[in-house]
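A short write-up of the structure that comes next.
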Amino acid sequence: MLPTFLADTRIELAAACDPREAAREQFARDFQAPVFEDIEALAAQGGVDAIYIASPHQFHAAHTRMAAAHGKHVLVEKPMAITLPECDDMVQACAAAGVHLIVGHCHSFDTPYLMSRKLIEAGGLGRVRMIQALNYTDFLYRPRRPEELQTEAGGGVVFSQAAHQVDVVRLLAGSRATRVRAVMGQWDPARPTEGAYSALLWFEDGAFASLTYSGYGRFDSDEWCGWTGEMGSPKDAQAYGQARRRLASVASAEDEARLKAAGTYGGPAWKLPAPGTAAPAHQHFGPVIVSCEHGDLRPMPDALWVYGDSRRERIELPAPAVPRFEVIDELVDAVLHGARPLHDGPWARATLEICLALLTSAREGRDVELSRQVALRE
Ligand SMILES: NC(=O)c1ccc[n+]([C@@H]2O[C@H](COP(=O)([O-])OP(=O)(O)OC[C@H]3O[C@@H](n4cnc5c(N)ncnc54)[C@H](O)[C@@H]3O)[C@@H](O)[C@H]2O)c1
């Protein structure tokens with residue numbers, strides 16, 4: 001989110017908290033603003049409207065509760081949390097404090113999906129009937145902390161990546177999800193968590209969706225998105241196998257965690273993003289096709305493709321000046337204008353319910369009924 005915060009003039013970074021000293025020193029240098037080792041001290045800081053919580057998943061609930069207790073609005077990263085009781089607690093804490101809770105960035109904030117939803121709501125294509133969403137990445141081979149490779153601690157592609165894909169599919173479907181069936185791939189003993197899944201998701205209005213993800217770092221579905229990477233920048237097809245090659249130099253889990261920390265904020269390999277280097281296209285989460293009663297719709301990083309009975313149409317999507325400005329739109333609308341955010345707590349809790357149901361379905365070999373779902377703007 002830092003490139004967003006730096007480029008969006010509606011945001012001023014006023015304080016930060018991180019247990020790593022290097023991150024605190026970097027922030028104090030970059031922003032001449034107070035830094036704290038402890039979340040409570042940050043939450044108590046005056047002159048702060050909202051707190052962006054980007055700590056590891058297992059801290060999201062406690063950090064949200066702390067921010068709310070001090071009357072701060074919350075923008076918390078996906079996944080919202082690791083369990084549904086944690087989500088309930090977050091929703092309750094923010095409601096009791098009268099603050100907004102927004103969960104993101106998540107790829108359902110991306111303009112191509114939001115514009116697809118608008119086009120669907122315009123009605124010409126008829127009802128959504130079927131959605132195909134797939135994504136093949138190198139997720140599992142990026143440097144990780146140990147818990148990111150342990151499912152029970154929130155690791156693996158379901159918590160971190162299905163959180164995006166399920167949210168995108170729910171946004172496009174619009175209807176409440178009812179039931180899910182999934183299978184998981186766990187194919188590398190050295191990375192003993194889910195690296196792939198396929199799932200079928202049913203919706204109340206009769207629509208259904210197929211979701212497939214692989215983080216095994218071989219086929220890269222960005223090839224099917226015009227070689228535009230997840231962040232909207234061109235991807236170098238010649239860099240094939242880069243993530244696995246980089247990881248090959250790592251001798252232990254501690255080494256790997258150090259490698260990850262080196263590339264994160266304040267680490268020795270970390271660089272402040274150059275200002276004014278906006279990506280030439282929108283961010284995305286892999287190829288998606290929405291089949292409606294009267295046509296198919298294909299959101300791409302630079303355009304929407306609409307396939308009717310006798311012709312196909314390309315609707316240009318001009319590149320964004322600020323990456324992920326959509327998140328700030330929602331935050332500002334909520335904090336300054338009191339608008340109810342689309343990606344609020346109940347919405348994101350429903351996505352986590354589906355992620356957890358994918359794991360249960362695969363483990364128990366059965367369909368799982370859903371009970372905590374909400375439809376769009378319900
Ligand atoms: N929306 C997206 O596209 C996206 C992309 C990457 C990560 N994320 C999410 O962001 C979160 C962080 O992931 P990451 O890969 O950046 O992890 P990370 O390991 O880099 O940790 C993020 C930061 O949190 C700090 N931290 C650790 N423990 C903390 C604590 N107790 N209190 C405060 N800060 C603490 C770390 O020092 C680090 O600076 C995860 O929930 C992840 O899912 C979202």
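The values are calculated or read from the model by the stated rules, or taken from the named source; none is laboratory data. All figures in this text were calculated on a predicted structure; none of them were measured in a lab. Reconstructed Cβ throughout: ideal geometry from the backbone, glycine too, with neighbour counts over all protein chains shown. Protein only, heavy atoms only, side chains kept; ligands, DNA and RNA dropped before computing areas. Shrake-Rupley method; radii C 1.70, N 1.55, O 1.52, S 1.80 Å.
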Problem - Residue identified as more than 25 Å from Ala133 (Cβ to Cβ), open to solvent by less than 30 Å² (accessible area, probe 1.4 Å) and in contact with a helix residue (DSSP H, G or I) (Cβ under 8 Å, 6 or more places away or on another chain) among Gly215, Gly229, Gly266 - result: Gly266
Exercise for the section: Report, ordered by the first and then the second residue, all pairs with beta carbons closer than 8 Å, sequence separation of six or more or different chains, a first member in the stretch 142-159 that is without any contact (Cβ under 8 Å) to a residue 12 or more places away in the chain and open to solvent by less than 10 Å² (accessible area, probe 1.4 Å), and a second member that is more than 9 Å from the ligand (Cβ to nearest atom) and part of a helix (DSSP H, G or I). Expected result: none
Exercise for the section: Considering only the stretch 208-227, state which residues are under 17 Å from Val168 (Cα atoms) and among the small types (Gly, Ala, Ser). Expected result: Ala209, Ser210, Ser214, Ser221
Handout entry: All positions within the stretch 226-273 that are in a helix (DSSP H, G or I), in contact (Cβ under 8 Å) with a residue 40 or more places away in the chain and within 16 Å of the ligand (Cβ to nearest atom)
Key = Ala243, Arg246, Leu247, Ala253, Glu256, Ala257, Leu259, Lys260, Ala261, Gly263
Problem - Of the criteria (1) open to solvent by less than 50 Å² (accessible area, probe 1.4 Å); (2) closer than 23 Å to Met1 by Cα; (3) at pLDDT 95 or above; (4) assigned to a loop (DSSP other than H, G, I, E, B), which one Val322 fails - result: (3)
Problem - Pair list, Cβ under 6 Å, 6 or more apart: the stretch 330-353 residue free of Cβ contacts under 8 Å to residues at least 12 places away in the same chain, other residue open to solvent by 20 Å² or more (accessible area, probe 1.4 Å) and not hydrophobic (A, V, I, L, M, F, W, C) - result: Ala339/Asp333
Handout entry: Ile289 open to solvent by 40 Å² or more (accessible area, probe 1.4 Å), in contact (Cβ under 8 Å) with a residue 12 or more places away in the chain and under 20 Å from Ser233 (Cα atoms)
Key = no
Problem - Flag for Ala54 being open to solvent by 50 Å² or more (accessible area, probe 1.4 Å) and within 15 Å of the ligand (Cβ to nearest atom) - result: yes
Handout entry: Number of positions in the stretch 331-351 that are in a helix (DSSP H, G or I) and either open to solvent by 30 Å² or more (accessible area, probe 1.4 Å) or out of contact with any helix residue (DSSP H, G or I) (no Cβ under 9 Å at 6 or more places or on another chain) (or both)
Key = 9
Exercise for the section: With the checklist (1) open to solvent by 30 Å² or more (accessible area, probe 1.4 Å); (2) within 16 Å of the ligand (Cβ to nearest atom); (3) not in a helix (DSSP H, G or I) in hand, flag the one item Gly46 doesn't pass. Expected result: (2)
Handout entry: Single condition Ala303 does not satisfy, out of (1) away from the ligand (no atom under 16 Å from the Cβ); (2) within 30 Å of Glu147 (Cβ to Cβ); (3) surrounded by 12 or more Cβ atoms within 10 Å (Cβ to Cβ)
Key = (2)
Problem - Residues within the stretch 1-42 that are surrounded by 14 or more Cβ atoms within 10 Å (Cβ to Cβ), within 11 Å of the ligand (Cβ to nearest atom) and not in a helix (DSSP H, G or I), tallied - result: 6
